[in-house]
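See below for the structure under consideration.
Bear in mind that the values in this text are calculations on the coordinates, not laboratory data. Keep in mind it's a predicted model, so treat the numbers as computed, not measured. Glycine gets a Cβ as well: all are built from the backbone with ideal geometry, and neighbour counts include every protein chain shown.
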Number of protein chains: 2
Amino acid sequence: MISKNQIKLISSLQKKKFRDQHLLFVAEGYKLIFDLLESELENKYIIHTKHADKSDFLKSDKNIEFIECEASDLKKISNLKTPSDVVAVFKIPNSNYEETEINSSLSILLDDVQDPGNLGTIIRIADWFGINHIFCSKNTVDLYNPKVIQATMGALARVKVIYTDLPKLVSKFVSPQFPVYGTFLEGETLYKSDLSTQGFIIMGNEGKGISPELKPLVNKKLFIPNFPTDQATSESLNVSVACSIVCSEFRRHQFQK
Amino acid sequence: MISKNQIKLISSLQKKKFRDQHLLFVAEGYKLIFDLLESELENKYIIHTKHADKSDFLKSDKNIEFIECEASDLKKISNLKTPSDVVAVFKIPNSNYEETEINSSLSILLDDVQDPGNLGTIIRIADWFGINHIFCSKNTVDLYNPKVIQATMGALARVKVIYTDLPKLVSKFVSPQFPVYGTFLEGETLYKSDLSTQGFIIMGNEGKGISPELKPLVNKKLFIPNFPTDQATSESLNVSVACSIVCSEFRRHQFQK
C-alpha cells in the first residue's frame, strides 16, 4: 500500500520546484503510461487502485514497481478532474543530443511558449511529422508540468525536448547548408519558399512572437498567407496552428520528391 | 452606475441556459470588444471601470450605452482570472446563410467538437483562410461559451457560426460539383488530392472522429500523411491542428493558380 510520504511526494510534483528537486514527474491514464513505458524513460513506480487493469503494463519488459492505493488517495495525487485508476511516476531524463543528428534533420525551437496546451500540441505535431528534437528557451513552459505531459498524449515517448540557451544553440549550428526559419508577417510566402530537409524552425511566444535576441539569427523568414490576401483577417494564428502548417509544408516538399 | 440586477444578469450569462433565455453573450477586453463592434453584431452595453479608456469604442458608429462600475463589480461579472477594465454584452444574432454563398465557397462543418479552445482556434483558422461559414452539430460546444468567445480573438466578427443538423445540411448541398471532405486514416494523401474551391470540410469530435451518421456522406476522404510514413507516431493530430493543415492546403492550391 501507498505510504503518506509517497502521497506527499507525488502531490508535490505538481510544482516545478519539487520536480527539479526530485527529478521526477507524473503521468496519468493507461494509454499515456503505456506509451511512456515503451520509451527510454525510466519508470519509478505505478500507483493504482485495486480495480486497475495492469495487464498492458505487465507486457512491458521493464521491471515495474506497482503500489496499490485507495481511490481516495489516488484522487489526492491526481491532477485530473476525473482521475483514472493509474498514476505513474517517471524519472526526468538528462537532456542531451547528437550534433550529427541535429545537423542532418529539422528541429523545432520554441522561444518562450507559455501555454501548456500549446507545448503539448507542438510535441504531438513534431511526432507526427518525424521531427525528433524540440529545443526550448529557458522561459518556455515546463515540459513536466502535468498539463503538458497529459497534452502530449504519449508523443513524448518519441520526441526529445531540451531546454537550452537558444541564441547560443542557433549560433553553433547555423550555416549556408543549415537554415534558420521563422514566421513573420513580412516573410516570404510559405507555399513558394525553398524548404530544406535540415535546419531550425523557430516558433515565438504567443503574444510577443520571436524575441529580439533570436530575430537577427533567422535567415529564412516565412509567411503563412491569409486568403484572400487583400481581405481583413485575424492578426495572427495560434502558435501551435502556425507550427503545424509550417511542418506540414516542409514534409510535403519531401513527399513530392 | 451598474445595478445589482444587471450584475446578476451578466453573471448568469456564463451559463448556456441563461444565454439562450436572454439571447445575450459576454465579451471581455479592449481588442475583442473593438473587433466585435466593427461587425454586424448588436451591442447591448459596455460595462467599464472609471479607469477604462473608452476612446477606441467612441470611434465606433454604433450608439453605445456605457455603464460605469466599481472594479469589485467588474470582477464579479468577469470570467477571466485577471479581468480587464471593460466587459461588453452583445445580442446573440439569428443564424442564417445564403444558399448561393455556400454553393460557391468552402465551409467547415464541426461534428461534436467539445473543447472551447478548439472551437475558438478553428474560428481563427477559418478567418485566416477566408472561410466565412462554420456549421456546427447541435452537440458541438456552445459558441457563446465565454472561453470560446475569448479564444476567437475577434475572428467572430468575420466568420458566421451556425448550429444545425449536419446530415440534413450535407444532404441538401452535396453534388458532383460540391464535394464533402473529411480526414480519415484510410483517406487519400492530402498533398496529392484534387481540392475544390467549393464544398464542405468536416472535422470530427476530439475522441470519436466523424460520427456514423456523417461518415457515409463524406465522398472525398483525405489523410494528412505522417513522416516518415513507415515510422510509429501519435495516433492522431489535435482537431484544430488537422483543420489548419487541411485549410492551408486548400488555399495553397488556389494560390498557385
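Averaging Cα coordinates gives a centre for region A:35-50 and one for region B:179-257; these two points are 34 Å apart. Placing a label point 7 Å from Cα along the Cα-to-Cβ direction at A:N79 gives distances to the equivalent points in the other copies of 2.5 nm, listed shortest first.
Take the Cα of A:A232, step 7 Å toward its Cβ, do the same at B:L9, and the gap between the two points is 2.8 nm.
Residues within the reach of a label modelled at A:E213 (point 7 angstrom out along Cα to beta-carbon, backbone nitrogen below 13 Å), restricted to region A:117-145, are A:136-140.
The mean number of partner chain beta-carbon atoms within 10 angstrom of a residue's beta-carbon across peptide A:128-136 is 3. Got the relative contact order for chain B handy, in percent, Cα pairs under 8 Å and 6 or more residues apart? Here the relative contact order equals 19 percent. Shown here is the pair-distance distribution of region B:100-256: with all Cα-Cα distances grouped in 5 Å bins from zero up to the longest one, the shares run 2, 9, 20, 24, 22, 14, 7, 2, 0 percent. The count of lysine pairs in region A:99-256 whose Cα atoms are under 15 Å apart, excluding pairs fewer than 8 places apart on the same chain, comes to 4. Close amide-amide hydrogen proximity is noted between B:L109 and B:F135, B:I201, B:I202, B:M203, each under 5 Å apart and 5 or more residues distant or on a separate chain (H modeled in the peptide plane; Pro and chain starts excluded). The phi torsions of region B:89-99, fed into the Karplus equation with coefficients 6.51, -1.76 and 1.60 and a -60° offset, translate into couplings of 10, 10, 7, 6, x, 5, 9, 9, 8, 8, 4 Hz, rounded to whole numbers, with Gly and Pro shown as x.
Per residue of the protein assembly as shown, what 222 nm ellipticity follows from adding -39500 (n - 2.57) for every DSSP H run with n ≥ 4, rounded to the nearest 500? Computed ellipticity for the protein assembly as shown at 222 nm equals -9500 deg cm²/dmol.
Label-to-label distances for A:K215 across copies, nearest first, come out at 5.0 nm, using points 7 Å from Cα in the beta-carbon direction. The distance separating the Cα centre of region A:128-142 from that of region A:58-107 comes to 18 Å.
What residues from region A:234-257 fall in the zone where the backbone N is under 16 Å from a label point 7 Å along the Cα-to-C-beta line of B:Q254? Residues A:234 fall inside that zone.
The mean count of C-beta atoms from other chains within 10 Å of the C-beta of residues in B:189-197, rounded to a whole number, is 2. The H on the amide N of A:Y45, modeled in the peptide plane, is under 5 Å from the matching H of A:V89, each at least 5 residues off or on a different chain.
Distances, shortest first, from the label point of A:S171 to those at the same position in the other copies read 6.7 nm; the point lies 7 Å along Cα to C-beta. In this structure, the residue pairs whose Cα-Cα separation is over 32 Å, taken from A:K91/B:K75; A:K75/B:K4; A:K17/B:K50; A:K16/B:K50; B:K50/B:K91; A:K81/B:K62, are A:K91/B:K75; A:K75/B:K4; A:K17/B:K50; A:K16/B:K50; A:K81/B:K62.
Compute a Gaussian network model of chain A, connecting alpha carbons closer than 10 Å, and tell me which residue from A:P146, A:P179, A:P225 fluctuates the most. Looking only at A:P146, A:P179, A:P225, the largest GNM fluctuation is found for A:P225. Per residue of peptide A:116-125, the mean number of Cβ atoms on other chains within 10 Å of the residue Cβ is 3. For the pair A:K138 and B:S72, label points projected 7 Å from Cα toward Cβ lie 4.3 nm apart.
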